[in-house]
Amino acid sequence: PESSSFLLLTEPAIQAAKDHPDRFIPFCCIDPRTSVRGGVKGFKSIIQKYVDQGAKGFGEHKVGLDFDDPLMMQIYEVCQDVGIPLLFHLDAQRGKDEPGLPRLEHAIATFPKLNFIGHGPGWWAAISGDVDEVKDLGGYPKGKVEPGGAIDRLMEKYPNIYGDLSAGSGANSITRDMEFGREFMIRRQDRIMFGTDYLQPGQAVPQFAMMEKLDLPADVDRKISRGNAEKLLGLDS
């Protein structure tokens, strides 16, 4: 219930994709605090049903628990078993973690066959090595990116962690230090995916101008703009 001002329901998403298959790729989502019989087995029966109906991933996973809370870990286990990626939100209230993202690392290491996709203020603040738990994990830090950020460290160590450039947090992480941002995008070109987090008509979408200013090499731009997502969601075959 703390995840959003809007109801994010799986059934309408799957139906929209059926009605407009050329425009929608549906994900599924279920709160790990939901009363489900059988624990992991019970959640798997629900999520597998959604996958059978066309869901290509799980998310946005945006829950007011620690990132590696046992209930959260059940969802990760199911997504790994079913074979779909998980798009998560991380900040000071939802998917909670600490500077250095040790809770996220615990989950990534525990489920090496599950592809995690990072999103949200807490995730993108971790591009810099000077993260403050209170100020930064729930906000949009400015200024030069300092060495030692958790994102680079995790991407270097684990092949199953990706980043989604959507929302103000994604755009801010790159534009706060354009020189570092461009180098980061090129260095992690196989792990970054374009996104907007577009919610309503007339909303500003800074990612378009950001990509133009970055002027990435054509092959890098294509990977980030669509190629990585196509591969991760099994749409490139």
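The values are calculated or read from the model by the stated rules, or taken from the named source; none is laboratory data. Quick caveat: nothing in here was measured; it's all calculated off a predicted structure. Note: ideal-geometry Cβ built from the backbone for every residue, glycine included; neighbour counts use all protein chains shown. Only protein heavy atoms, including side chains, enter the accessible area calculation; ligands, DNA and RNA are left aside. Shrake-Rupley method; radii C 1.70, N 1.55, O 1.52, S 1.80 Å.
Examine region 79-101 for a residue that is surrounded by fewer than 16 Cβ atoms within 10 Å (Cβ to Cβ), more than 27 Å from LYS231 (Cβ to Cβ) and among the basic types (Lys, Arg), and state whether such a residue exists. For region 79-101, residues surrounded by fewer than 16 Cβ atoms within 10 Å (Cβ to Cβ), more than 27 Å from LYS231 (Cβ to Cβ) and among the basic types (Lys, Arg): absent. Do you know which residues across region 212-237 are open to solvent by less than 40 Å² (accessible area, probe 1.4 Å), within 19 Å of the chain's Cα centre (by Cα) and more than 20 Å from HIS89 (Cα to Cα)? Hits for region 212-237 are GLY227, GLU230. Filtering region 37-64 to residues that are in contact with a helix residue (DSSP H, G or I) (Cβ under 8 Å, 6 or more places away or on another chain) and farther than 20 Å from ARG94 by Cβ leaves GLY38, GLY39, VAL40, LYS44, GLN48, TYR50, VAL51, GLN53, GLY54, ALA55.
Out of the residues in region 180-208 that are in a helix (DSSP H, G or I) and out of contact with any helix residue (DSSP H, G or I) (no Cβ under 9 Å at 6 or more places or on another chain), which is least open to solvent (accessible area, probe 1.4 Å)?
Residues of region 180-208 that are in a helix (DSSP H, G or I), as a first pass: 180-187, 207-208.
Filter once more, so that each one left must be out of contact with any helix residue (DSSP H, G or I) (no Cβ under 9 Å at 6 or more places or on another chain): 183, 208.
Working: GLU183: 94, PHE208: 118 Å².
Step by step, filter region 180-208, then rank; the result is GLU183.
Matching residues to (1) of a type in the set (A, V, I, L, M, F, W, C); (2) within 16 Å of GLY118 (Cα to Cα):
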{"site": "LEU137", "(1), (2)": "yes, yes"}
{"site": "TYR140", "(1), (2)": "no, yes"}
{"site": "LYS157", "(1), (2)": "no, yes"}
{"site": "ASP197", "(1), (2)": "no, yes"}
{"site": "MET210", "(1), (2)": "yes, no"}
{"site": "ARG222", "(1), (2)": "no, no"}
{"site": "GLY234", "(1), (2)": "no, no"}
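If a residue has to be part of a helix (DSSP H, G or I) and modelled with pLDDT of 95 or more to count, how many in region 100-123 make the cut? Even if it seems obvious, please write down each step before you answer.
The initial filter retains those residues of region 100-123 that are part of a helix (DSSP H, G or I), namely 102-110, 121-123.
With modelled with pLDDT of 95 or more added as a condition, the list becomes 102-110, 123.
Here the count works out to 10.
I'd like to check something: does region 148-161 contain any residue that is over 27 Å from VAL82 (Cα atoms), modelled with pLDDT of 95 or more and open to solvent by 50 Å² or more (accessible area, probe 1.4 Å)? Yes, because at least one residue in region 148-161 is over 27 Å from VAL82 (Cα atoms), modelled with pLDDT of 95 or more and open to solvent by 50 Å² or more (accessible area, probe 1.4 Å). Scoring SER166 on the criteria (1) buried (at least 20 other Cβ atoms within 10 Å of the Cβ); (2) farther than 28 Å from ARG103 by Cα leaves a single failure, condition (2).
Looking at region 13-29, which of the residues that are assigned to a loop (DSSP other than H, G, I, E, B) and touching a residue at least 40 places away in the same chain (Cβ under 8 Å) is least open to solvent (accessible area, probe 1.4 Å)?
Filtering region 13-29 for residues assigned to a loop (DSSP other than H, G, I, E, B) gives 20-27, 29.
Okay, now just the ones that are also touching a residue at least 40 places away in the same chain (Cβ under 8 Å), so 25, 27.
On the way: ILE25: 92, PHE27: 46 Å².
Applying the filter and picking the extreme gives PHE27.
Quick one: would you say TYR198 is in contact with a strand residue (DSSP E or B) (Cβ under 6 Å, 6 or more places away or on another chain) and among the aromatic types (Phe, Trp, Tyr)? Against the criterion (in contact with a strand residue (DSSP E or B) (Cβ under 6 Å, 6 or more places away or on another chain) and among the aromatic types (Phe, Trp, Tyr)), TYR198 does not qualify. I'd like to check something: does region 54-66 contain any residue that is out of contact with any Lys or Arg (no Cβ under 8 Å at 6 or more places or on another chain), open to solvent by 20 Å² or more (accessible area, probe 1.4 Å) and part of a helix (DSSP H, G or I)? Within region 54-66, not a single residue is out of contact with any Lys or Arg (no Cβ under 8 Å at 6 or more places or on another chain), open to solvent by 20 Å² or more (accessible area, probe 1.4 Å) and part of a helix (DSSP H, G or I).
Selection of region 2-12 for residues being free of Cβ contacts under 8 Å to residues at least 60 places away in the same chain and open to solvent by 60 Å² or more (accessible area, probe 1.4 Å) yields SER5, LEU7, LEU8, LEU9, GLU11, PRO12. For region 30-48, a tally of residues being open to solvent by 70 Å² or more (accessible area, probe 1.4 Å), polar (S, T, N, Q) and either in a helix (DSSP H, G or I) or in contact with a Gly (Cβ under 6 Å, 6 or more places away or on another chain) (or both) returns 1.
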